[in-house]
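Beneath this line is the structure, given in structure tokens, with notes to follow.
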Amino acid sequence: MDSLRMIETWPVATAAAAVVRADGTVAATHGPASQRFELASVTKLLSAYAVLVALEEGAVELDEPAGPEGSTVRHLLAHTSGLAFDEDRVMAGPGTRRIYSNAGFEALADHVAKATDIPFPQYLREAVLSPLGMTATELEGSAAKDAVSSCADLARFAAELQSPVLLDTSTVREATSVVFPGLSGVLPGYGHQKPNDWGLGFEIRGGKSPHWTGETSSPRTFGHFGQSGTFLWVDPEVGAACVALTDRAFGPWAIEAWTPFTDAVLAELRG
């Protein structure tokens, strides 16, 4: 895919990208596929998937209490627990606002660790990483932001998101559909969005503008980007996913580069 060569023009030292089709096949890769990059908040996709495995195993339930008073596992996954961005401080009642929260994902990881009696990094490895053959991926701290991975590994995860083998398809469909619809909030790096749609750990494209995906991305597109200059999106309407990893922190360069890149990838996929 010629569109992937656009990463060569990005103002970064190193970048890698991959496109994965809905059937799990890798359509194309560009850049060092095995190099490990810091994921930053793309970590949340992996952590959320581990929580969903715990849900299907019966270790946790979506509507059981977790986090601040009145909050549940569902609230934590959907950034509606009321917890602040990066501290254990309640800013709103559960379900009333979409407050993007690293602290919420850390509370979620603690909850799963207690429920399973397994440290969360180990649970993530056993539940998600090892079964998918993601040998270059590791959680080195916070379940919200401290994983490292490679483009090849995230391509495997992108295949799982589209053709799941670890979870029932209905679980993935629920996780990638809007939860607590209509709530507004701030999308980091892109400002206030009304509504600011999320699923269970997955950001939903919806009608957000501006946004880190493409202008031609479908509203059903879901995924996450990270402040380390990384992203993963899945567009169900085009039947493909895209992973991009870099070694430069998110900033104006990414806002300028990512949208035309995604539009070029989508145009090539649509033929």
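Before moving on, here are some points about what is shown:
- Relative contact order of the chain, pairs being alpha-carbon contacts under 8 Å that are 6 or more residues apart, as %: 24
- Helical runs (DSSP H, four residues minimum) scored at -39500 (n - 2.57) apiece and divided by the length of the chain put the mean residue ellipticity at 222 nm at -8500 deg cm²/dmol.
- Electrostatic bookkeeping for LYS44 treats Lys and Arg as +1 and Asp and Glu as -1; over the other residues with beta carbon under 10 Å from its beta carbon, the sum is 0.
- Formal net charge of residues neighbouring THR96 (Cβ-Cβ distance under 15 Å; K, R +1; D, E -1): +3
- Between MET91 and ASP2, the FRET efficiency estimated from the beta carbon spacing at R0 = 45 angstrom works out to 0.50.
- Note that region 170-259 shows a convex hull volume over its alpha carbon atoms of 91 Å³ per residue.
- With the convex hull of the Cα atoms taken as the outline of region 91-241, the averaged projected area works out to 9.2 nm².
- Chain lengthening between GLN35 and SER177 when straightened (0.36 nm per residue, less Cα-Cα): 47.9 nm
- Net charge of neighbours whose Cβ lies under 11 Å from the Cβ of ASP197, counting Lys and Arg as +1 and Asp and Glu as -1: +4
- Probe 1.4 Å, accessible area per residue of the chain, Å²: 39
- Rg in Å to one decimal, and Dmax rounded to a whole Å, for region 1-79 via C-alpha atoms: 18.1, 51
- Carbon/sulfur fraction of accessible area - the chain, other protein chains in place, 1.4 Å, %: 49
- Pair-distance profile P(r), taking every C-alpha pair of the chain, with 10 angstrom steps and integer %: 7, 33, 39, 19, 3, 0
- Net lengthening on full extension, ASP110/GLU268 (0.36 nm per residue, minus Cα-Cα): 52.6 nm
- Toward the positive end of the charge dipole of the chain, with +1 on the Cβ of Lys and Arg and -1 on the Cβ of Asp and Glu, the farthest Cα among CYS151, SER81, VAL12 is that of VAL12.
- Between SER130 and SER209, the simple label model (points 7 Å from Cα in the Cβ direction) yields a spacing of 4.8 nm.
The values are calculated or read from the model by the stated rules, or taken from the named source; none is laboratory data. Since we're looking at a predicted model, the values are computed, not measured. Ideal geometry is used to build each Cβ from the backbone, glycine not excepted, and the neighbour counts take in all protein chains shown. Note: accessible area is taken over every heavy atom of the protein model, side chains too, but ligands, DNA and RNA are not part of it. Shrake-Rupley method; radii C 1.70, N 1.55, O 1.52, S 1.80 Å.
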